[in-house]
Structures are given as structure tokens and as C-alpha cells.
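Engineer: Provided herewith is a single structure, encoded as C-alpha cells, for subsequent inquiry.
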Amino acid sequence: MTFISRGFHGRRPPAGTKLPPGQYETTGFPVLSAGPTPRIPKDDWKLSVTTEAGNQHVWDWAGLMALPAESPTVDLHCVTKWSKFDTEWQGVSLDVLLADVETDAENVLVTSYGGYTTNIPLADLVDGKAWIAYGYGGSDLAPEHGGPARLLVPHLYLWKSAKWVRGIELRQSDTPGFWESAGYHNYGDPWREQRYQGD
Ligand SMILES: Nc1nc2c(c(=O)[nH]1)N[C@H]1C(S)=C(S)[C@@H](COP(=O)(O)O)O[C@H]1N2
Ligand SMILES: [Mo]
């Protein structure tokens, strides 16, 4: 869809540079959560995609596992200034989950078990840029890092990668999420250092 390509504002890193402005590299994997870690048994886990017309597509854990998996290796950039290079994930591309979803919406509100939300343009979730990740480094994704499954949108600051993801809501209008409502940038491109509103 043409509007999807037009809406994508992410920048590619300059050749030879992996560290966005203002970031430092860490080899650890910090845990950043705004609240307690929800524990969702895989048997109870569900992910829904809801369109602006109210149509809902739901996957349970077996349904997610039945979809083709990818193993992206990506760099992570947190707005608190740490970056972690070459992280290895396993998950399902959003392209697969959205393939049969009919929508004219351009905005997505992502919701999580535990109540966290974040907003992302639909254009930033398609064309190989985002995954529902359930594995990290060849093991199950740890609960602290969003297991059983989290969104992974590595070209935006990591607060957009909602842990314990539960819903993908396609919306006609843009609804700010948890951090976006608290003064963080609506889009969050690390290469343009879009940390806070007005950056
Ligand atoms: N559900 C949920 N997702 C979340 C958060 C959160 O508090 N709740 N924190 C965000 C922030 S600010 C960051 S930096 C990353 C941290 O991911 P990590 O704990 O796996 O490093 O998760 C993001 N996703
Ligand atoms: Mo963060």
C-alpha cells in the first residue's frame, strides 16, 4: 500500500556507524519496566489485531508458533542512552500477522498485559521492520524482557518495543501511549535523537 511507504520516517544509520547520537554501548541487557513483571502462562496468552472497523484477528500461543519464524539480529537503542549491538531474536514478522488484515488506518496503539501502551505508525511495523519476538539468543524470552512475547521495533527507541504484548489496535487517529503522554517524543527515531516532545 502506497501510504505505508510514504509514512515511514526512520533513518538508516550512516555507513560505518552503529551508535546513534548521545548513546553509549553496553554489553549488558538492562531491564526497564514501568511496573511489575506480569506472568502470563503461554496457555493463557493471546494476541489480537483489531481494525478501525472493529474486526478482530486473534492468535493463541499455538497459532503464533504455527507461523513462519525469523531470526533477526538487531541493535537496540534505549532513550536512557544505552545501546546494545547485535542482539539475536526469534519471532514472527508483523508482515505475517498483518497479511490478511484489511485496514485504511495509518496509526497503531500497541497494548500490553499490565496496561502499558505505545503508539507507532503502521508504516513502521511493516516491510520487515518489526516482529512479535518470543525467543532471545536461542532461549525463550525471559519474563523480565517481555516474555512470553514482546513487540520488537528496533529502528525506534526501545520504549516502542512493548513487552508482554497483547493487542495491536489499528486506528484512524493517533493516540499517544504511556511514555508519549508523559513528554517523550511521539515518534522516537534514535538517529534524529527524538527523545522528548519538541526534539
Ligand atoms: N509493557 C511494557 N513494555 C515496555 C516497557 C514497560 O515498562 N512495559 N518499557 C519500555 C522501555 S522504556 C524500554 S527501554 C524497553 C526495555 O526493554 P528491556 O527491559 O527488555 O531492556 O521496554 C519497553 N517496553
Ligand atoms: Mo526505555
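The values are calculated or read from the model by the stated rules, or taken from the named source; none is laboratory data. Note that the structure is a prediction, hence the values are computed from the model and not measured. In this analysis, Cβ positions are derived from the backbone assuming ideal geometry, glycine residues included, and neighbour counts consider all displayed protein chains. Note: areas computed on protein heavy atoms with side chains; ligands, DNA, RNA excluded. Shrake-Rupley method; radii C 1.70, N 1.55, O 1.52, S 1.80 Å.
Engineer: In 10 Å bins starting at zero, report the fraction of Cα pairs in segment 136-199 per bin as a rounded %.
Structural biologist: 20, 44, 30, 6
Engineer: How high is the FRET efficiency between Ser48 and Thr87 when r is their beta carbon distance and R₀ equals 35 Å, given to the nearest 0.05?
Structural biologist: Efficiency for this residue pair is about 0.85.
Engineer: I would also like to ask the following. With +1 on each Lys and Arg Cβ and -1 on each Asp and Glu Cβ, how big is the dipole of the chain about its Cα centre, in debye rounded to the nearest 20?
Structural biologist: The dipole magnitude comes to about 520 debye.
Engineer: Right, another one. Test of the criteria: in segment 43-95, which trypsin sites (Lys or Arg not before Pro) are in a DSSP loop and have at most 15 other Cβ atoms within 10 angstrom of their Cβ?
Structural biologist: Lys81
Engineer: I would also like to ask the following. Which of the lysines could be linked to Lys46 by a straight reach, that is with a Cα gap under 20 Å, when you skip same-chain ones fewer than 8 residues away?
Structural biologist: Cross-link targets: Lys160, Lys163.
Engineer: Turning to a different aspect of this structure: Using a 1.4 Å probe on the protein heavy atoms only, what accessible surface does Leu141 show? Give it in Å² to the nearest 10.
Structural biologist: 10 Å²
Engineer: Please report the base-10 log of the normalised intensity I(q)/I(0) for the chain, using a Debye sum with one equal scatterer per alpha carbon and no solvent, at each q in 0.07, 0.13, 0.17, 0.18 (1/Å).
Structural biologist: -0.18, -0.66, -1.20, -1.37
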